[in-house]
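The values are calculated or read from the model by the stated rules, or taken from the named source; none is laboratory data. Everything quoted here is computed from the prediction, not taken from an experiment. Quick reminder, even Gly has a Cβ in these numbers, built from the backbone with ideal geometry, and neighbours come from all protein chains shown. Remember, those area values only see protein heavy atoms, side chains included, never the ligands or the DNA or RNA. Shrake-Rupley method; radii C 1.70, N 1.55, O 1.52, S 1.80 Å.
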Amino acid sequence: TGEDGKPLPFVLEKDRLFVFVRPAARAGQTMKLRFGYKGGFFERIGGNNFWELPHESSWSRQPSPLSHRGAWYPLPISGGFLPGHTFRAHVRAKKPLTPFATGETVRRGEDGDWNLVETRMDRPVRSATVLAGSYTILEKTVDGVTCRVASYGLAKGKAGALVLDLFHEVRRFYESYFGRFPWKEYAILDAPAFDPVGQASPGMTRIPWGINNFFFGGLFERLAHDVAHSWWGGSVWGAQPGDRWIDEAFAEVAAGRAMEVLGSGADFSHLRNVWRARARDVKGRAPIPLAGDLTEGLSYKSSSDLHVDRYQLLYFKGASLLQAIREKTGDRVFFMVLQRFLASLERAPDVTTDRFVELLNEATEKDWAPWFEKYYYGFELP
């Protein structure tokens, strides 16, 4: 519909939407259109007491474990990232399933056989999540931030309480580096067994509580990584696919710092060695900014493990580069640059690697461009 509320003719074909307006729009003219659709989206995958609205990532067409039925989330067709946008959700889930959605809770309620939730996100974000499951919820509010921990299937009260305390400890730690936590509410959802890795989105993370897979160093590091996404990926994000390491490597280095201070130096040393070893394994595959371009097409169409190369370039080579910069500049300068990076980009969340290099140059009075040319845009490892 148009600004006057009247329906507009349109054609939707081959994943492209054409809307016809009269009179014809002038070059540079701004107008507001309202899009809406209704339909039944959900099936319980494999008979599990869980469903999700799957969506393709705005930076990769690699499907998630739940997206084999097709993505629902509308994305523009462009070579860049999905721009930041606000989000509102009204979700109904058949009892006993409990729904969750990106944004602050406006209300929860019931309607006969249905559980309801309404949320809204007024701060621009790049992605959103809507899901429901057979969950038991614990919550705790500290410093004005409410964390809800939802255990899947069986109630896990003791584990849930530990995860709540861990979240608030990590959140407070990060605030001393990156500023006020961006969300008033945060949900940590215990992922079902068929989703072994999990995923973070604004104000929410879906993570199996018993995680200990080959990508990450256990639950502490994985949760610390996802909470760090509240800043890196949630508050600022790479402007183009080639800048994707800003989301992942920066969150991984933040998680490493949390492990180093809140855990032990030995834990961090082990994690740093993991970064280095996996970066060494994959450094000849592609430069970091081309990680997605060179791997996602083939891995999407076959059972190839090339998508692992992309992860290892973005997470582990990226983290190794940041760690090398930290060792060269020292902790005070390195974390000051990260703080300035976030602070300078509050009004422009889509950020570039070039901007990070500029801040490094200013803080150290040194030209880092040749270093990035060799290690970030090149195949070598410092």
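Key figures
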read-out	value
Residue list for segment 133-165, restricted to those being basic (K, R), in contact with a strand residue (DSSP E or B) (Cβ under 9 Å, 6 or more places away or on another chain) and open to solvent by 50 Å² or more (accessible area, probe 1.4 Å)	K140, K156
Residue among A128, A132, A89 that is part of a strand (DSSP E or B), touching a Phe, Trp or Tyr at 6+ places or on another chain (Cβ under 9 Å) and among the small types (G, A, S)	A132
Checklist (1) on the phi > 0 side of the Ramachandran plot; (2) without any contact (Cβ under 8 Å) to a residue 40 or more places away in the chain applied to G144, failing item	(2)
